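Here is the structure we will look at.
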Amino acid sequence: MTPRDAPELFQLMLDAAVEIGATIGEAPPQLSGARFNSEVLSEAISGGTVSRNESELPQRVAAAILDGVPILFGSLIGAPLKGNVDQQMRRYRNQATIARSWLGAEAPNLQLFILGPGGALLNPIWRQLAAEIEADDRTCRKLVWLYQNEPTIDDAKRFFERTFIARPWPVEQMTKQLDSMANISLPGGWEEAIEDPDLDFGALAERLIELEGEATP
């Protein structure tokens, strides 16, 4: 089977994930390949080769590891017709099944990020189709990115706000907060602040900084 292309916005999405603060790892090429783990083992034993019709798998697919989670990236093309979309999603489910065969214990964590075509965001039919895709949990969890015009890295970051790599606070802001605490001793009242269940990590950092300011003459 000939190599398949990555989705057009694959690199833009990776760049956006890096800006959010996610760790990016290279996925095993087998995740976006055409053969099951068992087929490769069978070929090694028998000396034969398992063939698969290209129509069974997507034309565009890529894989990456984001924050330790395996992700397949794909895209939809053509008209917003259920038959057209169902056919393409069937191929992506086949791809996800292949990927799971290589992931072992990590197989249940596999996710699929699907890009809609340009201009789909304001199309109510595309939005309905996207909702149906995301509601289908066969094989793996799926999320659809619909965008209107030429997407930017900020658009991609907004898509990631719906995913597991979303951060509850801006990376740059938290870095500055932590840097500001690097050379101070813990102020009075820090025990109560740490034990306060209403303070998340960001609020806790802000509270400790406030306590330090109150303690400074």
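Checked against the criterion of being at pLDDT below 90, farther than 23 Å from residue 158 by Cα and of a type in the set (A, V, I, L, M), the candidates 79, 44 yield just one match: 44. Selection of region 117-152 for residues being aliphatic (A, V, I, L, M), exposed (fewer than 15 other Cβ atoms within 10 Å of the Cβ) and in a helix (DSSP H, G or I) yields 125, 131, 135. Residues considered: 26, 54, 19. Of these, the only one that is under 23 Å from residue 133 (Cα atoms), open to solvent by 50 Å² or more (accessible area, probe 1.4 Å) and either modelled with pLDDT of 95 or more or acidic (Asp, Glu) (or both) is 54. Do you know which residues across region 112-169 are of a type in the set (Phe, Trp, Tyr), closer than 17 Å to residue 96 by Cβ and modelled with pLDDT under 95? Passing the criteria: only 164. Residues in region 1-19 that are assigned to a helix (DSSP H, G or I) and free of Cβ contacts under 8 Å to residues at least 24 places away in the same chain were compared, and the one that is nearest to residue 58 (Cα to Cα) is 11.
The values are calculated or read from the model by the stated rules, or taken from the named source; none is laboratory data. Note that the coordinates shown come from a computational prediction; the quantities given were computed from them, not determined experimentally. Neighbour counts run over all protein chains shown; Cβ positions are idealised from the backbone, glycine included. Accessible surface is based on the protein model in full, side chains and every heavy atom, while ligands, DNA and RNA are left aside. Shrake-Rupley method; radii C 1.70, N 1.55, O 1.52, S 1.80 Å.
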